[in-house]
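Reviewing the structure listed below.
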Amino acid sequence: MPLPEFDYIRPKSVEELVSILAKHGSEAKLMAGGTDLLVLMRDRLVRPRYVVDIKGIGELQGLSWDEGRGLTIGAAVTLNEIIASEVIRERFGALWSAASELADPTVRNRATLVGNICNASPAADTAPALLVHNAEVEAVSAKGSRKIPIEDFFKGVKRTALGPDEFVKAVHLPNPPDGAKSWYLKWKRTWGEDLALVGVAGLVANSGKWIVRVALSSVAPTPVLVAEIQNAFEGGGTLEEKIEKAAASIPGGICPITDVRCNAEYRTHVAAILTKRVLRKLLGLG
Amino acid sequence: MKYSYMGKGVPRIDAFEKVTGTALYTGDLRFPGMLYTKLLKSPLGHARIVNIDTGEAEKLPGVRAVLIGKEAPYKFGIYMGDKTVLASGKVRHVGEPVAAVAADTEEIAERAVELIKVEYEELPGAFDVLKAMEDGAPLVHENMSEYRHAPFIYPKSGTNIANHFKLRKGDVERGFKEADVVIENEFYQPQVQNVQMETHTSIGQWLPNGQINIWTSAQSPFAVRHLLSVGLGVPLHKINVVVPYLGGGFGGKAGLHWEPLVVLLSKKAGGRPVRLVMTREEQFYTTAVRQGFYARIKTGAKRDGKITAGAFFYVWDAGAYADYGVNITRAAGYSCTGPYEIPHIKCDSLTVYTNHPYGTAYRGFGHPEFHFATERQMDLLARAIGMDPVEFRLKNAAVPGRITATGEKLREDAGRVDECIKAVVEAIGWGKKAPKEVNGKLRGKGIAALWKAPAMPSSTSSSAILKLNEDGSVTLSISSTEMGQGTPTGLAQMVADELQMPIEKVKVVTKRETDFSPYTWQTVASRGLFMEGNATLDAVRNLKEQVKTTAAELLGVPKKELEVAEERVFALGRPDKSIPLAKLATAGIFPDGRGIGGPVLGYGYYTAEGLTNLDPETGQGLPALMWTFGAQGAEVEVDPETGDVRVVKMASAFDIGRAINPLLLKGQVYGGIVQGIGSALMEEFIFDERGALLNKNLTDYKICRTQDIPEEMVFIPIENPQRNAPHGVRGIGEHPRISIEPAIANAIYDAAGIDLFEIPMNRERVWRALRKKGEKRAFA
Ligand SMILES: Cc1cc2nc3c(=O)[nH]c(=O)nc-3n(C[C@H](O)[C@H](O)[C@H](O)COP(=O)(O)OP(=O)(O)OC[C@H]3O[C@@H](n4cnc5c(N)ncnc54)[C@H](O)[C@@H]3O)c2cc1C
C-alpha cells in the first residue's frame, strides 16, 4: 500500500534541522529509522507534509562513553549499534538487553533508541531501561537546548514533553553506582518477535546501602518507575523476603489495561513474576 | 539401471529461480496500460446498503472505472452460488468490499475510494456460530433456497445452515448401552488465516472482442476458468487463465476469489488490464480464511478398550459465504472418527453462515480442527477406562481389514496407522521414565494419530503432456501449480527414471496456462504427486510407444523388442540397432531421406478409480481414493508461573507409501509442524461484539517465528506402497499439519494435569487453566 504524499528533506547539520523545524514545526515529522513513522503513515494515522530524515546528520551519529560523563547516544544511533557496544553490554545491561529484545535483527538495523522513546508507546522496550538508569534527554530547538529527566519525558500514550519545534539530539546515561547491575525482561505472546505484554527493567547495587530500581513498560499509559521497590529493600529480612515484598508492591504501582493482546489481570500477574525474576537474576539467586 | 532418482533427495528443480529472485509471481507482472485497484470495505458486520454515491470518485482524474455490487449481479461459488464479487443489497461481514476503483495509480485509486459515500442501515448480526443455528437468528442469506448448489450439499432453507452432512452407521444408542464408560466433551477452534507470504493477487482483462485474460495467484487454473465461465456466462474457450509460481496457497487460493472482480473492472475500463493485490489486512478480513469449529463428541468404550459407539456433532463457522466450507463439512463428516474403527456411529456436520469473514480451504481441509477434538477425546476416554492412550489407540486402529465410518473395508495396501503410532512412540520415548520437572518447568509427552483422504469429486482427473525436443530432452506440462510443495521435482524424477535419462534433461514447465496446459481438476487435497504422477507415467508410456513405433520401422526390429534408455531407442544386445531420441523428435528419416512419424508428444491421464457418491441419509459409500495415515507426538515444557508452553520436540510418522524425494518430504513435514504449532499456541481471530476483527495484522495475529520452532523435529517415513499409486506414493501435503494441536494438548495434560478444550493454547489461556486447577486443589 502506498504512503500518502509528502516532501522529503534530508538536512546535513543540526543547525539546518533547527531551522527546518522552526519553519515547518507542526507540519513536519522527524524520521530516524522510520520503523514507527512509516507504519503510522501507511495506516494513515499521521500525515506529515514534510518528512525530515535525520540520518544524514553526522553530529547525531555518535555513541560515546567516558568515566566522567557516562554514556551519550546520538539520535541516529541504531539499536544494532547499541547491541554491538561492549561498554553498554557491561555497564548498562538493561539497555543492552532491551535493545536485544526489541523487534528483530532486521528492524534493529534501522530502528533507533531515540526513535523508540520519541514514539512514546507505552510498550517502548528501551524506556524502562532508561528509567532505571536515570537517563536524561537532550532536547534542542531554535530557543536553545535543555535536559529533560527521562521520568518527565513521557506525558501519555504517544505524547512526550517535546514541543513541536523541538527534537532530541541525544540521550545521556550517567555511570551507574559502583557494582550496579541491570537487566531487562520482556514478556510476549511468543518466543519470536512481538511487542511486550509486559517489560520489566531492574537495577541493583549495594555498596553498604541497597539501591534497587524497577521500571515497567506496557502496564500504564507511560513507562513507569515503581518507587516502592526501593522500600522493600530498606528494612530487614532475607533477600528472598525482600524480593517477595518488592513483587507485592508491583500491582499498586501499575494500571494495565485489557486489550487484544491480553487481559489486565494477566499483565498484573506477569509484571510481578518478571519483577521477581529480574531481581533474582541481578542478585545472583539462580 | 544407470539413472535412479526414486527415493533420492534431489534438490528442487526451481531452487535457483526462487533463491535468486528470478522466479516470476503474479505480482511481478506489468502490462502496458495496466490499472490498479483499491477496495472500499464495509465497516459493519451486517447492514443494508441504503445508498452508494460514487460521483466524486468518478470525477477524480486518473480514475478509469468505479464498480459497485448492483452492476455485478453475477453469483459465484464452487459448491454454493451465494457470493457476488462486491456486496449487493447488504453487507455480510466487516471488510467485505462494497465498491472497487481501477485507476492509473494505486494512490489515485485509494483517494477515489475515500471519496465514495455509503449509507448503511445496520442489521442485527449473527456473530456466534451456535446462536446462528437457533430459531429466529438473523439470516445471513434470506434467499438461500434460490441458490444453485452441488448435489451433495444439503442446505436447510429458512436457516443459516448451508449444509447438513449426515452419517449413520449401526445403531448408536445400542452402542452406548454396550459401553462400560461413556464420556461427552465440547471442543472449539477459532477462525484463522492461511497467512501465505504472497497475498491474493490477480490481473484481469476483458477485451471488447469478448476474450478474457487472467493472470492470477490461484492454486487451480482450470477451476478458475470453469467457475468464472459459469458465473459470468462466458464460454470456456474465451477465457485464458495463466498461473505463474504461487507464493504459498495452503488452500486459501483454491477455487475462485478475486478474478471476476478485476475482469469486470477491466470491462468497465474498456479492456485495460486491471491489477488487484490484497493488502495484508485485506488478506485477513476481506478475502477467505479458515472456518471456525465447534464440536460435541460423545464416545463409549468397554473396559477392555474397545470403542463401541461415537456421536459426533460438528459445527463449522463458515462466515458470510459457503465457498469450500460446505465441502469441508462433508469431508470432516465422512472422516469423523479419525483413524479408528467404531461399529456404531452417528455424525452430524453442519456448515453455518455467520457475519464473519468467509471460510475456505486451509491445509488439512477441516481435519486439523476435528482431529483436535477426536484425538483429545481418545486421551480422555483412555483415562476414563484407565488404559494407556497408546494401547487404547492401537486397540481401535483402522488397520487393513477394518471398516471405516462410511462402510469401506480397508484394503491390504491401505497403509498402517498402527505402524505410525509405534514409530512415534519410539521416537518420543513414550512410557519411558523421564524427569517431570526441569528447571522449574513441567515436562510432558502427548500423542495423536490422524488420517485424511483427498476430498474430491468421484471422477476427478488429471492429465500430462510430455514433449520430446529436437535434442532428445523432454518437457513436461502439467497443470498442478507449484506453491512450495515441490511436486514438479518429484515428477521430473519419475520421468527421468522411466526414460532412463539424466534429470537435467527433463524440464517441467513453470507456467500454467489453460489455453495450452493439459487439464487437471485442482491443486488441492494432497493429490498432486498421486494424480499428476499417474498421468505423467501414462504420458511417458505414450511417448515411448510413439518413438518405438517409428524406431521399429527405421531399425527393422519388432516394436516389442525395443527399449528406451540413455536418450536412445534400441534393441537389447544389438548395438547396431539403436537410434538417438533426438533423431525421432520431429520425425524419423529413412536413409533415402523420406520422413516417417511426426513430432512426438506423449499424452497421459489418470481418473480416480472406485469412488462413489455418499448416501444422503447415511453417508455410506466410498469417498477415499487413498487414506494417508499418520501419528504425531509432542514433548512440551510448561511454565507453571506464566502458562508458557514450549514444544521441545515433535515427532511425526506418516505412511506415505513410498518416499520419492526424502528431502522435499522433510520440507513438507517440518513446514506443517511449524504451521500447526502456530495455530496450536498463538493464532486466532479476535472479534469485537459487532464482528470487527481486532487483529487483522501481523502485529497482533502472531504466527510462528524461528524462535518458536521446536529444538528437535523427527520424521519417520513408513513405506507400505499403495497399489494404484505411481511408485506406491500417498499424499502428504496436508498431513504433517493435522494432529499438532491434540498432540500438544495431550502433552500439556501429561505435564501439568490440565485439560484444554480450546485453541489456541496461548500463554494466558494456559495460565488461567493452571490457576483454576490450583484453586480446585486449594479447596479440595
Ligand atoms: C516489525 C516491527 C516490530 C517492532 N517491535 C518493537 C518492539 O518489540 N518493541 C518496541 O519498543 N518497538 C518496536 N517497534 C517499533 C519501532 O521499531 C521502535 O520504536 C524503534 O525504536 C523506533 O525507532 P525509529 O528510529 O525507527 O523511529 P522513527 O520511526 O524514525 O521515529 C519514531 C517517532 O519518533 C519521532 N522522532 C524520531 N527521531 C526523533 C528525534 N530525534 N527527535 C524527536 N522526535 C523524533 C518520529 O517523528 C516518530 O514520531 C517495532 C516496529 C516494527 C515495524
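Please list B:250-262, A:137-149, A:116-128 highest first by mean number of surrounding beta-carbon atoms within 10 Å per residue.
Listed from highest to lowest mean packing, they are B:250-262, A:116-128, A:137-149.
For the pair B:R48 and A:E234, what calculated FRET efficiency results from E = 1/(1 + (r/R0)^6), where r is the Cβ-Cβ distance and R0 = 60 Å, to the nearest 0.05?
Approximately 0.35, to the nearest 0.05.
Working out 0.36 nm times the residue gap between B:K666 and B:E106, then minus their Cα-Cα distance, what length gain in nm do you get to one decimal?
My answer for the length gained is 197.5 nm.
Rounded to the nearest whole Å², what accessible area per residue is found for chain B with the 1.4 Å probe?
Ligands and nucleic acids excluded, the result is 35 Å² per residue.
Report the equivalent ellipsoid semi-axes for chain B in whole Å, largest first, defined as the square roots of five times the eigenvalues of the gyration tensor built from alpha carbon atoms.
43, 38, 23
Going by alpha carbons, how many degrees (0 to 90, nearest 10) lie between the helix axis of A:239-253 and the longest principal axis of chain A?
It works out to around 50 degrees.
What percentages, rounded to whole numbers, describe P(r) for the stretch B:1-70 computed over all alpha carbon pairs with 10 Å bin width beginning at zero?
Pair shares across the bins are 11, 24, 20, 16, 14, 10, 5, 0.
Which cross-chain or sequence-distant (5 or more) residues have an amide H under 5 Å from the amide H of B:L622, H modelled 1.01 Å from N in plane?
For B:L622, the qualifying residues are B:T612.
Residues of the stretch A:181-282: accessible area per residue at 1.4 Å, in Å²?
Averaged over the residues of the stretch A:181-282, the accessible area is 37 Å².
What is the packing order of peptides B:145-152, B:123-130, B:33-40, taking the mean over residues of other C-beta atoms within 10 Å and listing the highest first?
B:33-40, B:123-130, B:145-152
Shielding of A:255-263 by partners, i.e. mean partner chain Cβ atoms within 10 Å per residue?
For peptide A:255-263, the averaged partner shielding equals 3.
With the Cα gyration tensor of the protein assembly as shown in hand, give its eigenvalues times 5 under a square root as the equivalent ellipsoid semi-axes, listed largest first in whole angstrom.
52, 38, 31
In nm, to one decimal, how far is the B:E775 label point from the B:E186 one, both placed 7 Å along Cα→Cβ?
So the label points at B:E775 and B:E186 sit 1.8 nm apart.
Say each of B:Y519 and A:E265 gets a label point 7 Å from the Cα, pointing the same way as Cα to Cβ; how far apart are those two points in nm?
5.9
Counting only other chains, and only Cβ atoms inside 10 Å, what mean value do you get across the residues of A:186-196?
Per residue, the average neighbour count from other chains is 6.
Compute the long axis of helix A:264-282 from its Cα atoms, compare it with the longest principal axis of the Cα atoms of chain A, and write down the angle in degrees, 0 to 90, nearest 10.
Approximately 70 degrees, to the nearest ten.
Report the residues of the stretch B:344-383 in range of a label on B:D171: point 7 Å along Cα→C-beta, backbone N strictly under 17 Å from it.
Taking a point 7 Å out along Cα→Cβ of B:D171, the residues of the stretch B:344-383 whose backbone N falls under 17 Å are B:344-346.
Just grab the label-to-label distance for B:V19 and B:L60, each label 7 Å out from Cα along the Cβ direction, in nm (one decimal).
4.4
Once fully extended, how much extra length lies between B:D28 and B:E178, figured as 0.36 nm per residue of separation less the alpha-carbon to alpha-carbon distance?
The span from B:D28 to B:E178 would gain 47.7 nm if fully extended.
Can you compute the FRET efficiency between B:E134 and B:E617 using 1/(1 + (r/R0)^6), with r the Cβ-Cβ distance and R0 = 25 Å? Round to the nearest 0.05.
0.55
Relative contact order for chain A using alpha-carbon pairs under 8 Å, separation at least 6, rounded to a whole percent?
Answer for chain A is 16 percent.
Which whole-number percent gives the relative contact order of the stretch A:181-282, counting Cα pairs below 8 Å spaced six or more residues apart?
29
Counting only C-alpha contacts under 8 Å and six or more residues apart, can you give the relative contact order of chain B as a whole percent?
With pairs under 8 Å counted, the relative contact order is 15 percent.
Along its three principal axes, how long is the stretch A:7-53 when you only count alpha carbons? Whole Å, largest extent first please.
Answer, in whole Å and largest first: 31, 19, 13 Å.
Let me see the pair-distance distribution of the stretch B:266-313: every alpha carbon pair, 10 Å bin width, integer percents in order.
For the stretch B:266-313, the pair-distance distribution reads 18, 19, 19, 13, 14, 11, 6, 1.
With just the Cα atoms of the stretch A:58-173, tell me how far they stretch along each of the three principal axes, in Å, largest first.
36, 32, 27
In sequence order, what are the phi-derived ³J(HN,Hα) couplings for the stretch A:78-95 according to the Karplus relation 6.51 cos²θ - 1.76 cosθ + 1.60 with θ = phi - 60°, rounded to whole Hz, with x for glycine and proline?
Those phi angles translate into 7, 5, 5, 5, 5, 5, 6, 7, 4, 4, 5, 4, 7, 9, 10, x, 5, 5 Hz.
Would you kindly calculate the translational diffusion coefficient of the stretch A:181-282, applying Stokes-Einstein with the Kirkwood radius from alpha carbon pairs, for 20 °C and a viscosity of 1.002 mPa s, and quote it in µm² s⁻¹ without decimals?
Here the translational diffusion coefficient equals 156 µm²/s.
At a Förster radius of 51 Å, what calculated FRET efficiency corresponds to the Cβ-Cβ distance of A:Q61 and B:E504, to the nearest 0.05?
0.50
Scale the Cα Rg of the stretch B:574-659 by the rule-of-thumb value 2.2 N^0.38 Å and send over the ratio, two decimals.
This ratio for the stretch B:574-659 stands at 2.40.
Which cross-chain or sequence-distant (5 or more) residues have an amide H under 5 Å from the amide H of B:A99, H modelled 1.01 Å from N in plane?
Counting only residues 5 or more places away or on other chains, the set is B:L40.
Do any cysteines in chain B lack another Cys Cβ under 4.7 Å, and if so which?
Lone cysteines by the Cβ rule: B:C420, B:C704.
For each pair in B:K131/B:K696; B:K41/B:K238; B:K18/B:K505; A:K158/B:K441; A:K188/B:K772, compute the distance between the two Cα atoms and list the pairs where it is over 27 Å.
Among B:K131/B:K696; B:K41/B:K238; B:K18/B:K505; A:K158/B:K441; A:K188/B:K772, the Cα-Cα distance tops 27 Å for B:K41/B:K238; A:K158/B:K441.
Step through the residues of the stretch B:718-734 one at a time and calculate ³J(HN,Hα) from phi using the Karplus curve (6.51 cos²θ - 1.76 cosθ + 1.60, θ = phi - 60°), rounding each to whole Hz and writing x for Gly and Pro.
Taking θ as phi minus 60°, the curve returns 10, 10, 9, x, 8, 4, 8, 9, x, 6, x, 6, 10, x, 9, x, 8 Hz for the stretch B:718-734.
If you take the accessible area of A alone, add that of B alone, and subtract the area of the pair, what total do you get in Å², probe 1.4 Å, to the nearest 100?
The buried area between A and B, both sides summed, comes to about 2500 Å².
The values are calculated or read from the model by the stated rules, or taken from the named source; none is laboratory data. Quick caveat, the model's predicted, so the values are computed rather than measured. Positions of Cβ are backbone-derived with ideal geometry, glycine not excepted, and every protein chain shown enters the neighbour counts. With ligands, DNA and RNA removed, areas are computed over all heavy atoms of the protein, side chains included. Shrake-Rupley method; radii C 1.70, N 1.55, O 1.52, S 1.80 Å.
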